[in-house]
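The values are calculated or read from the model by the stated rules, or taken from the named source; none is laboratory data. Computed from a prediction, not measured in an experiment: that's the story for all the values here. Here the Cβ positions follow ideal geometry from the backbone for every residue, glycine too, while neighbour counts run over all protein chains shown. The accessibility values were calculated without ligands, DNA or RNA, using every heavy atom of the protein model including side chains. Shrake-Rupley method; radii C 1.70, N 1.55, O 1.52, S 1.80 Å.
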Amino acid sequence: MLGALKALGYPVRAVHVDHGWRPESKAWAQHCREVGARLGVPVKVLTLAPLTPGEGLEDRARRARYGVMAALLQKGDWLLTAHHREDQAETFLLQLLRGAGLEGLAAMPWQRPLGQGFLGRPFLDLGRSLLQDYLEAMGLPYLEDPANCDPRFDRARLRHGLFPQLAALGWPQAAMQFARAAENLGDALAVQGQWLAAQEARLGSTGKEALQLAALQGLHPAGQRIFLRHWLRRQGLALPSRSRLTVLQAAIARGGEGRILEWAGGAVWLQGGKIHALARAPNPVDWQAGPWQPGNGPLPMPGWRGQLLTTAPDAAVHALNPALAQESLHWRRRRPGESYRSSDGHHRPLKKLLLESAVPPPHRGDVPLLFHGEDQLVLILGYYTAPWAQAKGQEAIYLWRAEGGSA
């Protein structure tokens with residue numbers, strides 16, 4: 001790639017990432033510098049801390065490598081890599097063996113955004129042997145990574161095990177056909193992307209953590225599965241297995257009020273005619289009940305502080321309501337049968353407020369409640385402030401994260 005770009009007259013820089021996990025890695029970095037000097041191309045060598053051996057070593061190395069290279073890209077820059085047809089075929093097969101959907105089986109895209117620039121792979125249509133012939137014709141030396149022959153790595157086993165067997169069985173062009181299948185699936189993936197964007201606009205789901213069940217119920221079951229996977233991925237959740245997704249679809253069809261469905265790496269809650277994404281399966285909240293002195297005092301939640309104050313110029317810090325200054329405030333958990341005072345002055349069940357606020361059932365017993373006395377609810381962070389304690393004029397409850405300073 002470097003030799004071709006230089007021969008075509010493109011302004012180019014070279015980047016080499018040294019993972020430091022092989023004894024010869026420093027010699028490889030020096031080789032890159034020497035080739036760059038021969039071509040008149042500046043070479044930047046980035047050194048990463050060695051990765052610890054374990055599951056997914058290749059994938060972790062890849063993510064680390066692209067992460068540091070993405071940081072170098074300015075707006076309009078392209079990072080071009082020399083992935084070729086056999087690389088694409090191997091990626092396709094690895095994704096197939098993992099049971100991947102369109103996103104995986106489309107394998108490596110020709111181009112995609114990366115950092116402030118783009119990642120491009122112009123050689124995906126070219127075979128490895130053609131690239132080797134070009135290097136020999138140009139007289140450019142190259143290195144062979146020993147990992148390419150190491151049977152511990154999945155790609156090496158495919159390259160030296162499966163593909164020779166396919167050739168012996170009568171499919172010498174298997175790599176070309178697999179790469180072509182990945183390209184065709186890439187077209188389908190682009191069409192799916194347009195459909196998902198249209199569905200997001202129709203469902204109003206962009207950037208939201210909840211979807212209307214009625215809108216999902218109107219989708220074809222296959223379309224529903226595709227959209228749910230897309231939406232769950234957008235929420236940062238691991239995708240459920242096909243069987244678990246089928247259980248979720250059945251709950252959506254029934255309405256599933258009050259039901260939480262969990263899987264490894266994610267959970268959703270069906271409530272109020274909506275499906276809510278939970279970042280993780282509900283666990284007890286870590287906080288301590290007890291008195292609270294609001295003068296710049298810590299809240300029971302780790303990392304949070306707050307105070308009752310007035311924002312009027314040169315005014316002293318004071319309580320929102322005179323009654324609050326007479327007795328200490330305290331944080332505690334909810335008790336069965338408790339109520340709160342609504343804006344119209346009526347008492348309503350506290351359980352109903354938490355339900356309407358989409359607080360999952362396992363969390364409701366752990367929500368921090370600020371009380372005045374034994375039974376006067378003052379505040380539920382993010383959900384409720386008692387009408388009699390609400391700010392008058394320029395007074396407010398001021399809360400912030402101590403480590404970040406954000407109010």
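Any residue in region 241-261 that's under 18 Å from Gly101 (Cα atoms): show its pairings with residues that are open to solvent by 20 Å² or more (accessible area, probe 1.4 Å) and part of a strand (DSSP E or B) at Cβ separation under 8 Å, as long as the two are six or more apart or on different chains. Hits for this filter: Ser241/Trp263; Arg244/Trp263.
Only residues that are surrounded by 13 or more Cβ atoms within 10 Å (Cβ to Cβ) and part of a loop (DSSP other than H, G, I, E, B): list them for region 274-283, please.
Residues of region 274-283 that are surrounded by 13 or more Cβ atoms within 10 Å (Cβ to Cβ), as a first pass: 274-278, 281-282.
Passing the criteria: Ala281, Pro282.
Here the helices (runs of 4 or more DSSP H) wholly within region 66-185 that include at least 2 residues being in contact (Cβ under 8 Å) with a residue 60 or more places away in the chain and acidic (Asp, Glu) are 85-97.
Which one is modelled with the highest pLDDT, of the residues in region 352-364 that are open to solvent by 40 Å² or more (accessible area, probe 1.4 Å) and under 21 Å from Arg341 (Cβ atoms)? Outline the logic, then answer.
Our first condition is that a residue be open to solvent by 40 Å² or more (accessible area, probe 1.4 Å); within region 352-364, this holds for 352, 355-356, 361-363.
Next, from what is left, pick out any that are under 21 Å from Arg341 (Cβ atoms): 352, 355-356.
On the way: Lys352: 84, Leu355: 78, Glu356: 75.
Within region 352-364, the match that is modelled with the highest pLDDT is Lys352.
Restricting attention to region 87-122, the residues that are more than 19 Å from Gln173 (Cβ to Cβ) and of a type in the set (D, E, K, R) total 4.
Can you name every one of the helices (runs of 4 or more DSSP H) wholly within region 203-266 that holds 1 or more residues which are farther than 25 Å from Glu356 by Cβ?
Values: elements: 213-217, 221-234, 242-254.
Output list reads 221-234, 242-254.
Within region 9-25, restricting attention to residues that are within 29 Å of the chain's Cα centre (by Cα) and hydrophobic (A, V, I, L, M, F, W, C), the residue that is most open to solvent (accessible area, probe 1.4 Å) is Trp21.
Exactly one residue among Asp187, Asp150, Asp125, Asp154 is more than 30 Å from Glu34 (Cα to Cα), touching a helix residue (DSSP H, G or I) at 6+ places or on another chain (Cβ under 8 Å) and among the acidic types (Asp, Glu), and that residue is Asp154. Among the residues making up region 91-118, those that are in contact with a Phe, Trp or Tyr (Cβ under 8 Å, 6 or more places away or on another chain) and either under 18 Å from Ala179 (Cβ atoms) or loosely packed, with under 15 Cβ neighbours inside 10 Å (or both) are Phe92, Leu93, Leu105, Ala107, Gln111, Arg112.
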